[in-house]
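The structure appears below as structure tokens.
Rule-based calculations on the coordinates, nothing more; no lab input. Please read these numbers as outputs of a predicted model, since none were measured by experiment. FYI the Cβ positions are ideal-geometry reconstructions off the backbone, even for glycines, and counts take in every protein chain you see.
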Amino acid sequence: MTSTNVGSRSLCLHRKTRLRAVLVRVLLLALSLELSAPLRAMETTVNGVAFGGVFPNPLCESRALRSESGAEVQLGLRIFNRTGRPLRFSDYDTILPELVNRAGAVVPFAFGINPARLPRAADYPLLPPGRFLVLPLEATLMLRTGQLEWHGSDGAAGYWNVVRAEAPYRLRLHYRQTDAVVGPLEKEDSTLHGLWIGEATTKSVEVPLGLFD
């Protein structure tokens, strides 16, 4: 065997080894991304528009819930426009969380909304057909003597009464828009048209709240 053939085989083997190493790294990266990705609820479709909840996994730490400052959570409402026309959606006073107990019943939510500002045009994004968007929802959760408190960055605040016998609890999001036209907007006299009208609730997703560890 000539030295040229030996060198060619060594180079080929080296390339295959490097290729396998790259493929392993890509596979591990994909696996880590899959494991760390948020849980996405199955979609609920209403009048050609699909709604799905996006939740962190886990929702939060049990110890953080009981802390003085509470646990910060970041949720999202994924909206997919499967109609044939562009539609506007809103994250201004339209999304509320719902807590569901072990029996599947909605836990009453004692809440109020105190928007810190008037609506803006940016609160009503236009969604073309065949596209999706995710409306973010941030809040702080606190566990206080049998009550799970919700303090949303959008001005919504309230609490659910929670008991051991009805655990585990599940979380879902409810979207409600009743006006096809909104306005006047902050710093503007204009109005916006073409809003999707209706209500939708995402499928509930079991979330390990760890209320009674």
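Details
- Nonlocal amide H pairs with LEU185, under 5 Å, H built at 1.01 Å: SER190
- Using the Karplus relation 6.51 cos²θ - 1.76 cosθ + 1.60 with θ = phi - 60°, the per-residue 3J(HN,Hα) values for region 55-72 come to 10, x, 10, x, 4, 5, 8, 4, 5, 5, 4, 8, 6, 5, 8, x, 10, 7 Hz, with x marking Gly and Pro.
- Cut-off 18 Å (backbone N to label point 7 Å along Cα→Cβ of ARG120), residues of region 180-200: 182-192
- Computed magnitude of the charge dipole of region 38-206 (debye, nearest 20; Cβ of K, R +1, Cβ of D, E -1): 520
- Cα centroid separation, region 58-81 to region 159-193 (Å): 17
- Cleavage-rule hits, trypsin sites (Lys or Arg not before Pro), region 51-107, DSSP coil, Cβ neighbours within 10 Å at most 16: ARG82, ARG102
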